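S.K.: Dropping a structure here in structure tokens format, bear with me for questions.
The values are calculated or read from the model by the stated rules, or taken from the named source; none is laboratory data. Keep in mind that what you see is a predicted model, and the values were worked out from it rather than measured. A quick note on method: Cβ atoms are made from the backbone with ideal geometry, for glycine too, and the neighbour counts reach across all protein chains shown.
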Amino acid sequence: MPHPQVLPLFDSTGKPLTGAERDRARKRYWAIHSRDKYIAMRRREYRSHRDSILAKQKEARDKSPLMRERARLRAADWYKNNPERIAARHSKLPESKRIAARIRAKEWSRANPEKAAAHRKLIKARRKSRLQNVCPNPLEVLCFYTSEKASPTLHCFYCGTSLVGKPMHMDHIQPLVKSGMHTAANLAASCPKCNLTKNEHDLTDWFGNRPLFYEI
């Protein structure tokens, strides 16, 4: 805490600060000039009183639509600017929480069919836009997809399950979100289960977490 003599004793109009105002000015001065210590202190307070702080914040957002909108915009901005931290956080989630999250997502989709349809439409539009930037040869991709689908010996690239006469997914071996390209060399036919569980994981990480491997 800085010495009281260096703290402001008057406001912007020249009026002397009262006791409460002087305390606020002292805290504000300390927060500005000892920022690292101030941030560490606030983090300790948050960890110690996390539940009560979150409850108060939720109560304030429920009372004020403007505050709720600001919180939504801050969260959206943070998610947009921190994709690596989000991916790292999701990769550390236990399987039980992932299953619970999928169940909640399905329940939300059933309860909000119109919003769910709009969300799926937005995802498809983003994916289409992304493919336009990473697909140097669309004709090559189309030929590869057609030949794979017509193959009489079609198998899943990952688990080896026969896909003849069964639903087939075309998966990007190196995910698009991790600098993968939409080319024939980066595509592989897969069963729905492998494609959906692999999702946006690296091939080595995903194989390392699987309980079983297909052997020829």
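S.K.: On the given criteria, is Asn137 polar (S, T, N, Q), surrounded by 10 or more Cβ atoms within 10 Å (Cβ to Cβ) and touching a residue at least 12 places away in the same chain (Cβ under 8 Å)? Break it down into steps so the answer makes sense when it comes.
M.R.: Details: polar (S, T, N, Q): yes; surrounded by 10 or more Cβ atoms within 10 Å (Cβ to Cβ): yes; touching a residue at least 12 places away in the same chain (Cβ under 8 Å): yes.
Criteria met by Asn137.
S.K.: Among the listed residues Leu122, Leu54, which satisfies the condition of being under 26 Å from Ala189 (Cα atoms), surrounded by 10 or more Cβ atoms within 10 Å (Cβ to Cβ) and either more than 20 Å from the chain's Cα centre (by Cα) or not assigned by TED's automatic domain parsing to the domain that holds Asn199 (or both)? Let's see the steps before the verdict.
M.R.: Working: Leu54 fails: under 26 Å from Ala189 (Cα atoms).
After ruling out the rest, the residue left standing is Leu122.
S.K.: Under the condition of being in a loop (DSSP other than H, G, I, E, B) and within 23 Å of Ala87 (Cβ to Cβ), which residue from segment 147-182 is nearest to the chain's Cα centre (by Cα)?
M.R.: First pass over segment 147-182, keeping only residues in a loop (DSSP other than H, G, I, E, B): 150-154, 156-161, 163-168, 173-175, 179-182.
Applying the additional criterion that residues be within 23 Å of Ala87 (Cβ to Cβ) yields 158, 173-175, 179-182.
Working: Tyr158: 26, Ile173: 21, Gln174: 18, Pro175: 15, Ser179: 17, Gly180: 18, Met181: 21, His182: 22 Å.
Across segment 147-182, the extreme among qualifying residues is Pro175.
One line per residue, one yes/no per condition, for (1) of a type in the set (S, T, N, Q); (2) touching a residue at least 12 places away in the same chain (Cβ under 8 Å):
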{"site": "Lys80", "(1), (2)": "no, no"}
{"site": "Lys106", "(1), (2)": "no, no"}
{"site": "Pro113", "(1), (2)": "no, no"}
{"site": "Thr146", "(1), (2)": "yes, no"}
{"site": "Gln174", "(1), (2)": "yes, yes"}
